[in-house]
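First the structure, in the form of structure tokens, and then the observations on it.
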Amino acid sequence: MKLCDAHCHLANLSVDMPLAPLISEATSHGITTYLSSALSKAELASYPSLQAQLPGRLLYSAGIHPSYDECDLEIKDIQKLCEARQIWAIGEIGMDRNTKDTDWMQSIFIRQLELAASYKLPVVLHIVGHQQEAYNILKDFPLRYLIHGYAGSLEAFQVFTKLDCCFTISERILRPDKHDLLQEMLAGGRYLFETDITRYYVAENEANPLLRLINVLNRSAELSGIPIEELTAVQATNYKYLTGYDL
Ligand SMILES: [Zn+2]
């Protein structure tokens with residue numbers, strides 16, 4: 001089995017936990033590959049050495065997040081990364097109902113979508129609230145999207161499926177009240193799995209938070225009745241579709 005953690009924050013996690021032993025244990029459980037996100041200049045600086053630890057198994061994106069206070073990236077940073085072809089995607093970017101300055105949020109979102117369009121890069125999306133507004137913006141950018149950790153309404157999910165779009169299944173939709181969303185996401189066949197792990201999400205005494213991905217996979221199989229082999233095959237196909245690489 002080859003499993004990708006399709007949305008995580010490994011540079012951020014590495015501030016508190018040495019990654020090498022976590023990664024090697026995760027590898028022995030079949031977690032081979034990571035799509036990780038950089039949201040600060042400090043995180044960006046640590047990705048080359050992380051990639052050296054995981055040759056061919058770690059791709060990273062970078063973006064100006066709509067609601068993360070520690071995000072100090074600027075458009076010129078993102079542009080430089082696009083130019084140098086260092087990132088596999090722009091993100092996570094998007095809209096968040098907790099951000100008060102909606103004009104700023106919208107303009108920085110659009111500016112980054114324009115960059116993705118001009119460099120033909122996929123986009124990793126963070127959409128919390130503002131679903132219809134986000135869709136109205138996105139529909140004018142025919143890009144390849146990965147909507148991470150989506151846990152909004154079923155109706156808005158159905159709207160987003162009109163885009164060229166994959167979704168990551170997270171712990172957030174394993175709850176009973178999100179069962180319909182999980183089923184529909186699985187039925188659509190455009191899913192991968194994520195932990196969204198950062199150093200802030202690690203529980204006390206949690207030895208290896210990367211292993212949460214196994215729980216997301218197993219619970220998805222239990223709740224849907226879909227065999228694990230089928231779930232992993234579908235995520236591998238979607239990984240290839242998004243990144244161009246074999247898992
Ligand atoms: Zn994230």
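Read-outs: derived from the displayed coordinates by stated rules, not from any lab. These numbers come from a predicted model, not from an experiment. Cβ coordinates were reconstructed from backbone atoms using ideal geometry, including for glycine residues, and neighbour counts include every protein chain displayed.
For the reader, a short list of remarks on this structure follows.
- Of all residues making up segment 25-77, the number that are over 16 Å from Cys8 (Cβ atoms), of a type in the set (Val, Ile, Thr) and more than 16 Å from the ligand (Cβ to nearest atom): 1
- Considered as a group, the residues in segment 95-123 that are more than 18 Å from the chain's Cα centre (by Cα) and buried (at least 17 other Cβ atoms within 10 Å of the Cβ) include one that is nearest to Arg144 (Cα to Cα), and that residue is Leu115.
- Lone qualifier among Gln235, Gln183 - being among the polar types (S, T, N, Q), surrounded by 15 or more Cβ atoms within 10 Å (Cβ to Cβ) and under 29 Å from Ala20 (Cα atoms): Gln235
- Meets criteria (crowded, with 21+ Cβ neighbours inside 10 Å, touching a residue at least 24 places away in the same chain (Cβ under 8 Å), acidic (Asp, Glu) and within 26 Å of Ser14 (Cβ to Cβ)) for Glu92: yes
- The set of residues from segment 55-72 being over 15 Å from Ala6 (Cα atoms), free of Cβ contacts under 8 Å to residues at least 60 places away in the same chain and of a type outside the set (Asp, Glu) comprises Pro55, Ile64, Tyr68, Cys71.
- The set of residues in segment 123-149 being among the acidic types (Asp, Glu) and either more than 21 Å from Ile78 (Cβ to Cβ) or touching a Gly at 6+ places or on another chain (Cβ under 9 Å) (or both) consists of Glu133 alone.
- Subset of segment 136-149 that is in a strand (DSSP E or B) and within 16 Å of the ligand (Cβ to nearest atom) - its residue that is farthest from His9 (Cα to Cα): Tyr145
- If the condition is being among the aliphatic types (A, V, I, L, M) and in a helix (DSSP H, G or I), then segment 93-135 contributes Met105, Ile108, Ile110, Leu113, Leu115, Ala116, Ala117, Ala134.
- Residue list for segment 199-247, restricted to those being β-branched (Val, Ile, Thr) and closer than 18 Å to Ala89 by Cβ: Thr237, Thr243
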